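Contents: one structure, followed by commentary.
The values are calculated or read from the model by the stated rules, or taken from the named source; none is laboratory data. From a predicted model like this one, the values you see are computed outputs, not experimental measurements. Glycine also receives a Cβ, built like all others from the backbone with ideal geometry; neighbour counts cover every protein chain displayed.
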Amino acid sequence: MKNIIIGQYIPGTGFLYKLDPRTKIIAVLILMVAVFLLKSITQLMIAFGIAIIILIIGKISIVRVARGLKPIFILLVFTFVFQIFFNKEGTVWVDETLTFSLVSLIVLVAWTIVWRLLTKLKKFKMMLFFLYIAGVYLILRYLTYGTIFSTFNFVVHEKGVEMSIFVVIRLLIIITLSTVLTLTTKPTDLTQGIEKLMRPLKYIGISSDDFALIISISLRYIPTILDEANKIMLAQASRGADIAEGKLKDKIKQIISLLVPMFIIAFKRSEDLADAMESRNFVPGRERTRIYDLHFGLLDLMVALMTIGLLTGSIMARVLWIG
Amino acid sequence: MGIQFKEVNFSYTGVQKGFYEAIKDISLTIQDKDELITLVGQTGSGKSTLAQHMNALVFPTSGSVEIFGKLVTAKRNRKIKYNEIRQKVGLVFQFPEYQLFEETVEKDIMFGPLNFHVPEIEAKELAKKALRMVGLSESYLNRNPFNLSGGEKKRVSIAGILALDPQILVLDEPTSGLDPRGKRQLMNLFKSIQMETGKTIIVITHDMDLVYEYATRVLVLNAGCLVFDGTPDSLFKKPSLSEFHLDYPATIRVLREINERFHTQIDIYQKTVSDATIAIKRGFKS
């Protein structure tokens, strides 16, 4: 509970930290559009290279970003597999018959158990996963003894492989870009940037001030509420309501015993916060000044020009079909 | 039996690389009966963390805690039912808001016993008994715990733990936020519960007057280390408490000042105000 990082901001010194959050937000949006304009793997590879170069110049550890990619690893694998299976264009590369038979199913179950046991080791998880997938393929391909339940044609087309690599790289670039944004921008700066960018919306009746305030207060209170939740859990555990032990029937009651104090404390906190803000003369909707105002500097201008350059490049690439 | 700490360390791991050592190398034994222990130390000295080790709410980073024969170490052992420890050692948290959740006081007190599979009728009896022990009348049984005053809430939350009939009762700053009279009432209550039932009671507090008057044993924590373990008399007879970041009780401070100002020879070690008054009278007569 205590180790949850909110936002992924890691303090640093690279040039990305000195940028105005508005520049970063808009640049990331534009670069995403630019990535979507690209049409071939070669172009995407170049874009990926540029993304890596940005990381290196910005002194951001690539390991950090890679770790940020972990949660979406499943999504990447899923996209990859999906594309391989369902894209039926181009020349056929692989055409194999996979068999679900009694023997192969039993071996499959055993293989899965072996894999689950091995993942307990915690190291080489990724490698084990690929090994597992390869094993599943080999089992289905060659173990054709015993009663055969059904067969299944495993066909891979050239375009399928191409598209799956294409989509995965595109996702990788986009996630890297957004990770860079959250890694180098404090949540407060980010909300301030969003607030400034949303200014024009006030003409259609949406107050960007209120919006930014809501975001920053929620961000500010996530650790506090987590801390409170932890204390409530301990307090109820000392009355015998340990969520880790105990039966399902008891657990429902135990969850209520956590939720009620949680809500009461959250309401109390928000009342206190409202009082504290009012006593410091906060009036909703009134114009407020900031201690640190955002500055659009030379560096921002350079980054903006670079971004526009990259966008132009990708438009050109699309129009002229380079690569 | 009771609780044995053996070289217990505990550190909170921080968001970034650093970690914070809350308690360091603590070894101590707590008997399962007839002790009224106070745990003192400045804010952030690890009192609450130590208390949470006493009923296995947190697990030590290294070292071991033996609680009524069950060994708690850094690794969670699947064979041990940690829940049972919480029935033997009851921990009352500082803020009653963290545990009150039912719509009536009775149901809230019954929550603990029901978690330990006590039949409902018995749990009701236990609730009544616990409520009586904390000095509230039965008319409170059907009241909403959220409409009670701060002191009453505190008593109900203590009753919620007492209903489990723990052998050792640990209270995290039960007297904070109460008026002086309420504090004294609560401490008298603990004293009487301890006398009646022979349970061991451990109270975390900042109030040296209460420590001096009520405790049979004092544990002093300073920056996570156990720096003193003994009777309050021997603690306050020390010439200086500044190394512990503590202060003397009011009686000692007042009597010491009187001795200095009037060059009298009053015995300054008086636990209560009435004892101190008698001592002053005697001192001025002679």
Exercise for the section: Check off (1) in contact with a Ser or Thr (Cβ under 8 Å, 6 or more places away or on another chain); (2) part of a helix (DSSP H, G or I); (3) farther than 26 Å from A:Leu69 by Cα for A:Gly193 and give me the number that stays unchecked. Expected result: (3)
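Can we say B:Leu100 is within 13 Å of chain A (Cβ to nearest Cβ) and either assigned to a loop (DSSP other than H, G, I, E, B) or surrounded by 15 or more Cβ atoms within 10 Å (Cβ to Cβ) (or both)? Working first, answer last.
Values: within 13 Å of chain A (Cβ to nearest Cβ): yes; either assigned to a loop (DSSP other than H, G, I, E, B) or surrounded by 15 or more Cβ atoms within 10 Å (Cβ to Cβ) (or both): yes.
Spelling it out, B:Leu100 is indeed within 13 Å of chain A (Cβ to nearest Cβ) and either assigned to a loop (DSSP other than H, G, I, E, B) or surrounded by 15 or more Cβ atoms within 10 Å (Cβ to Cβ) (or both).
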Practice task
Determine whether the stretch B:136-159 contains at least one residue that is under 23 Å from the mean Cα position of the chain (by Cα), more than 26 Å from A:Ala266 (Cβ to Cβ) and of a type outside the set (A, V, I, L, M, F, W, C).
Solution key: no
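Give the residue, chosen from B:Ile168, B:Ile268, B:Ile202, B:Ile193, that is at pLDDT below 90 and within 30 Å of B:His117 (Cα to Cα).
On the way: B:Ile168 fails: at pLDDT below 90; B:Ile268 fails: within 30 Å of B:His117 (Cα to Cα); B:Ile202 fails: at pLDDT below 90.
Within the list B:Ile168, B:Ile268, B:Ile202, B:Ile193, the selection yields B:Ile193.
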Exercise for the section: Give me a count of the residues in the stretch B:229-279 that are in contact (Cβ under 8 Å) with a residue 24 or more places away in the chain and among the acidic types (Asp, Glu). Expected result: 4
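For the stretch B:105-137, what are the residues that are assigned to a helix (DSSP H, G or I) and either touching a strand residue (DSSP E or B) at 6+ places or on another chain (Cβ under 9 Å) or at the interface with chain A (Cβ under 10 Å from one of its Cβ atoms) (or both)?
Quick first cut of the stretch B:105-137, residues assigned to a helix (DSSP H, G or I) only: B:105-115, B:120-133.
B:Asp108, B:Ile109, B:Phe111, B:Gly112, B:Pro113, B:Leu114, B:Asn115 - these are the residues of the stretch B:105-137 that are assigned to a helix (DSSP H, G or I) and either touching a strand residue (DSSP E or B) at 6+ places or on another chain (Cβ under 9 Å) or at the interface with chain A (Cβ under 10 Å from one of its Cβ atoms) (or both).
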Fill in the blank from the handout: Going through (1) away from chain B (no Cβ under 14 Å); (2) at pLDDT below 85; (3) surrounded by fewer than 16 Cβ atoms within 10 Å (Cβ to Cβ) one by one, A:Ala244 fails only at (1)
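Sort through A:Ser101, A:Ser61 and tell me the only one that's polar (S, T, N, Q) and either closer than 30 Å to A:Phe15 by Cβ or modelled with pLDDT under 75 (or both). Quick ask: steps written out before the conclusion?
Numbers: A:Ser101 fails: either closer than 30 Å to A:Phe15 by Cβ or modelled with pLDDT under 75 (or both).
Every option except A:Ser61 fails the conditions.
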Exercise for the section: Would you be able to say whether some residue in the stretch A:160-182 is surrounded by 15 or more Cβ atoms within 10 Å (Cβ to Cβ) and in a loop (DSSP other than H, G, I, E, B)? Expected result: no
Exercise for the section: Go over the candidates B:Lys75, B:Lys88 one by one and state the one that is closer than 21 Å to B:Ile204 by Cα and either of a type in the set (Val, Ile, Thr) or assigned by TED's automatic domain parsing to the domain that holds B:Thr200 (or both). Expected result: B:Lys88
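This table checks each residue for (1) over 31 Å from the mean Cα position of the chain (by Cα); (2) surrounded by fewer than 10 Cβ atoms within 10 Å (Cβ to Cβ); (3) more than 30 Å from A:Ile173 (Cβ to Cβ).
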position: A:Asp250; (1), (2), (3): yes, no, yes
position: A:Ile255; (1), (2), (3): no, no, yes
position: A:Asp293; (1), (2), (3): no, yes, yes
position: A:Leu305; (1), (2), (3): no, no, no
Problem - Unmet requirement for A:Gln236, which otherwise passes all of (1) farther than 30 Å from A:Asp209 by Cα; (2) more than 8 Å from every other protein chain (Cβ to nearest Cβ) - result: (2)
